[in-house]
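Report on the structure given below.
The values are calculated or read from the model by the stated rules, or taken from the named source; none is laboratory data. This one's a predicted model, so the numbers in the text were calculated from it and none came from an experiment. Virtual Cβ from ideal backbone geometry, glycine too; neighbours counted across all protein chains shown. Areas reflect the complete protein model, heavy atoms only, side chains present, ligands, DNA and RNA absent. Shrake-Rupley method; radii C 1.70, N 1.55, O 1.52, S 1.80 Å.
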Amino acid sequence: MDQIKLELSKSIIPEKLAKECKCLIQYNYLLPCYHTLAKFDTIPISCIPRRWRKNYLEGENHLTIQNATPVPPNINNIKPITSEFNYALELICEHFANAQSEQEQINIYQLIEKTLKKIDAQKFKNLKGPTVVEAIKGQPKNTKRKMIALEHCINTKKEKITKKIKTEKEQKKQKISSAKEQKAIKNIINLGSPCDSTLLTNLTIAPKHISTIFSPEADGNCGYRAIAMEVYQDQEEWSKVKDKMLETFLKHQNNYYHGRMEHGNMPASNNPLICSLQDKRSPLPQQHWFGTIDHPQLVADTFSRAVAVYWNTPIETGDCLFVPFATLPEKVEPIIIILDVNHFLLAKRKNTRNFCWPKINPFHKRIIQKHGLEDYSLMY
């Protein structure tokens, strides 16, 4: 159908019909060319050979070609070129002849010349040089002779011994590492409520870097109590921490926190974050517990201290460091809080060099760039 449509499009061009018919479509596909199609308003079915019809396979003898067009005597003079390509060449000649200026003709010529150079260059690139065969004495390079059965047995035994030694070394290293870790955990001072020290083995902050762990009362306010212990040295000041955080949120609700903190643009009456900070009950309902994304940033902005959050449970953002947006941190050392499933702990770090803090809050850079603030995260 595509071939017939193409021929039909040519049959309405008088200049093409005036030329002698040398179309190859009749000999290649047994289909009528545009010279033949120009004679009919409706294409008769007899012009289409049976092999191109839908009912071709229904009782047809397709071993013989019916009504085949005889090969013309001047077949050797017909150039092996498709009609589409021939038509394209004619269009190029027509554009060249009908050019409005000499410069336009020069441009067409340069384009053709550039195409021909590309074709020649590709031909040279595809040329392969003659293969040089060198006489090689003895065994070819990078080859090995086949080993005999005895050599295979010896090599297999060596591999087993090497693998065993390697496994023993790894196990020894693990035992030493585990022993050092256990020793580091024993040296950590545990304050406050009793806590399971094994939780420290699954954190990205190694036990050897921790000097003290404080476990606040587990009444749902443990996150606020941990911050109160760090800021006021008294976990019972947790309600004061909530009040300060609420003041900071209301102050920056429509600028730094707008569109970034959860429900940051909701009114105070039904804003879950405001409701959680206003709730002073003990025990505290779960929906008002200290969070791991919005609350640490509020603490950082409220008390001008960076807050590092670690946890041993899979959470969306992973360990994170929250840096104040608008104020320089009063102390370089961040407040370190650790989330043990659903209980927050306060940690103190040993004074060690080359300590790597968690990644910065992903929203930090966007917010300071938007409001033209100084980037204090560069300290970490």
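Quick check: anything in the stretch 171-192 β-branched (Val, Ile, Thr), over 15 Å from residue 350 (Cβ atoms) and either open to solvent by 100 Å² or more (accessible area, probe 1.4 Å) or in the same structural domain as residue 300 (by the TED database) (or both)? Within the stretch 171-192, none of the residues are β-branched (Val, Ile, Thr), over 15 Å from residue 350 (Cβ atoms) and either open to solvent by 100 Å² or more (accessible area, probe 1.4 Å) or in the same structural domain as residue 300 (by the TED database) (or both).
Scanning the stretch 205-257 for residues being in contact with a Phe, Trp or Tyr (Cβ under 6 Å, 6 or more places away or on another chain), closer than 28 Å to residue 183 by Cβ and open to solvent by 20 Å² or more (accessible area, probe 1.4 Å) gives a total of 1.
Output yes when any residue across the stretch 317-336 is closer than 25 Å to residue 208 by Cα, in contact with a Ser or Thr (Cβ under 9 Å, 6 or more places away or on another chain) and of a type in the set (Ser, Thr, Tyr), and no when none is. Step through it out loud before you land on a result.
As a first pass, look at the stretch 317-336 and keep what is closer than 25 Å to residue 208 by Cα: 317-323, 331-336.
The next check asks that each one be in contact with a Ser or Thr (Cβ under 9 Å, 6 or more places away or on another chain); those that pass are 317-321, 323, 331.
In the following step, the residues that additionally are of a type in the set (Ser, Thr, Tyr) were identified as 317.
Yes, because at least one residue in the stretch 317-336 is closer than 25 Å to residue 208 by Cα, in contact with a Ser or Thr (Cβ under 9 Å, 6 or more places away or on another chain) and of a type in the set (Ser, Thr, Tyr).
Residue-wise test of (1) under 30 Å from residue 24 (Cβ atoms); (2) modelled with pLDDT under 80.
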site: 99; (1), (2): no, no
site: 105; (1), (2): no, no
site: 113; (1), (2): yes, no
site: 137; (1), (2): no, yes
site: 155; (1), (2): no, no
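Where strands (runs of 3 or more DSSP E) fall entirely within the stretch 294-360, those with at least 1 residues that are in contact (Cβ under 8 Å) with a residue 60 or more places away in the chain are at 307-311, 335-340, 343-349.
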